[in-house]
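S.K.: What follows is a structure written as structure tokens; I'll ask about it next.
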């Protein structure tokens, strides 16, 4: 496994997407997004800055490439920092049978620049995103740490994004903490170039992009997050679930959906799931797959996901010094990410018509306790 040190702030920020410290108190309420489904628009593209010191915003991308690579890219900005906060980009590159690569770049907060006229955000000139989906979109990055990694990837056949209701989860009785969720690109084809070290290859495949923010460190509410994507030529089946800890009464919610090239065909805001074959992997018991059922406005969804190959077991503290590990664990615990190739079988039922979808997909578990 090839890594470069991510840095304390970046570790906290990446965990800030889904992690934080739980407290022993009576169960607090969670208020899901209010209202009907909305289109993803220009107002959702840029940052949603908040005053809280633990505010964090993430532009997360996931790629299933035809050459067997799975890649995740996360651009971020945050108020967490010694003085004024930081921003940056992190890339994870995985392929079955090969060493995975984890590499990132942390920048001062003023490196984050918005160009609203051209629908573009830069994290310095060589790292950024451009174009409002579904009209067009591209991402680019250039990180010179370790072996070095850079890419320029363009999106096509982009399915229009969506926002679940007003897009905001509210936490606790005062509703003074929140998490925003915007599914900017539910399904798209991508082409581009990827360079690792001195080797450049052309890539093509499928992509998913979500944009989120939150005002608190995450394991103040999060116990597990499950996400899985299956892309075929006909359909994308996407499962996004999070399970809160006992502080929030083990609430379960998400924004799962089914999409074709013509658009998102249905959303499943509440999905019942059953963890399968839980096995201890490192410090946590991790479900090696799950069954999920959901009812949308038009169809029902039945999915079974079984892990095939562990591509990456990723701890934010594993490459840190003993002192740094102690600091991070005191703040956010010991979060772990488990990333698998999967076999996925789904059935989408609308009226009397049942449509099977199956293939090789991707499955990730984030565990905090």
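The values are calculated or read from the model by the stated rules, or taken from the named source; none is laboratory data. Only a predicted model underlies this, so the values are computations on that prediction, with no experimental measurement involved. Glycine also receives a Cβ, built like all others from the backbone with ideal geometry; neighbour counts cover every protein chain displayed.
S.K.: Out of the residues in the range 204-225 meeting the condition of being surrounded by fewer than 24 Cβ atoms within 10 Å (Cβ to Cβ) and in a strand (DSSP E or B), tell me which one is nearest to the chain's Cα centre (by Cα).
M.R.: The qualifying residue nearest to the chain's Cα centre (by Cα) is 210.
S.K.: Another question, if that's okay. Mind counting the residues in the range 148-170 that are part of a loop (DSSP other than H, G, I, E, B) and farther than 19 Å from residue 105 by Cα?
M.R.: Summing the residues that are part of a loop (DSSP other than H, G, I, E, B) and farther than 19 Å from residue 105 by Cα in the range 148-170 gives 9.
S.K.: Here is a follow-up. Report yes if residue 249 is within 23 Å of residue 171 (Cβ to Cβ) and modelled with pLDDT under 85, otherwise no.
M.R.: In short, yes.
S.K.: Anything in the range 105-141 that is surrounded by 15 or more Cβ atoms within 10 Å (Cβ to Cβ), at pLDDT 95 or above and under 21 Å from residue 78 (Cβ atoms)? List them, or say none.
M.R.: Once the filter is applied, which keeps residues that are surrounded by 15 or more Cβ atoms within 10 Å (Cβ to Cβ), at pLDDT 95 or above and under 21 Å from residue 78 (Cβ atoms), the range 105-141 yields 111, 112, 120, 121, 122, 123, 127, 128, 129, 139, 141.
S.K.: Based on what the data block shows, is residue 354 surrounded by fewer than 20 Cβ atoms within 10 Å (Cβ to Cβ), over 18 Å from the mean Cα position of the chain (by Cα) and modelled with pLDDT of 90 or more?
M.R.: Criteria met by residue 354.
S.K.: Whether any residue in the range 192-204 is at pLDDT 95 or above and within 20 Å of residue 254 (Cβ to Cβ) is what I want to check.
M.R.: For the range 192-204, residues at pLDDT 95 or above and within 20 Å of residue 254 (Cβ to Cβ): absent.
S.K.: Here is a check on your reading of the model: is residue 189 at pLDDT below 90, assigned to a strand (DSSP E or B) and surrounded by fewer than 22 Cβ atoms within 10 Å (Cβ to Cβ)?
M.R.: Considered against the rule, which asks whether it is at pLDDT below 90, assigned to a strand (DSSP E or B) and surrounded by fewer than 22 Cβ atoms within 10 Å (Cβ to Cβ), residue 189 comes out as no.
S.K.: So, one more: I need the full set of residues from the range 234-249 which are outside any strand (DSSP E or B) and closer than 21 Å to residue 183 by Cα, in order please.
M.R.: Within the range 234-249, 234, 235 qualify.
S.K.: Please pick out the residue among 236, 232, 247, 200 that is within 23 Å of residue 304 (Cα to Cα) and over 18 Å from the mean Cα position of the chain (by Cα).
M.R.: Only one candidate passes the filter, namely 232.
S.K.: What is the residue count in the range 25-49 for residues that are in contact (Cβ under 8 Å) with a residue 12 or more places away in the chain and assigned to a helix (DSSP H, G or I)?
M.R.: Residues in the range 25-49 being in contact (Cβ under 8 Å) with a residue 12 or more places away in the chain and assigned to a helix (DSSP H, G or I): 3 in total.
S.K.: Quick check on the range 296-323: of everything there that is at pLDDT below 85 and loosely packed, with under 15 Cβ neighbours inside 10 Å, which residue is nearest to residue 272 (Cα to Cα)?
M.R.: 318
S.K.: Just one of (1) touching a strand residue (DSSP E or B) at 6+ places or on another chain (Cβ under 6 Å); (2) in contact (Cβ under 8 Å) with a residue 24 or more places away in the chain; (3) closer than 24 Å to residue 184 by Cα trips up residue 54, so point out which.
M.R.: Going through the list (1) touching a strand residue (DSSP E or B) at 6+ places or on another chain (Cβ under 6 Å); (2) in contact (Cβ under 8 Å) with a residue 24 or more places away in the chain; (3) closer than 24 Å to residue 184 by Cα, residue 54 breaks only (1).
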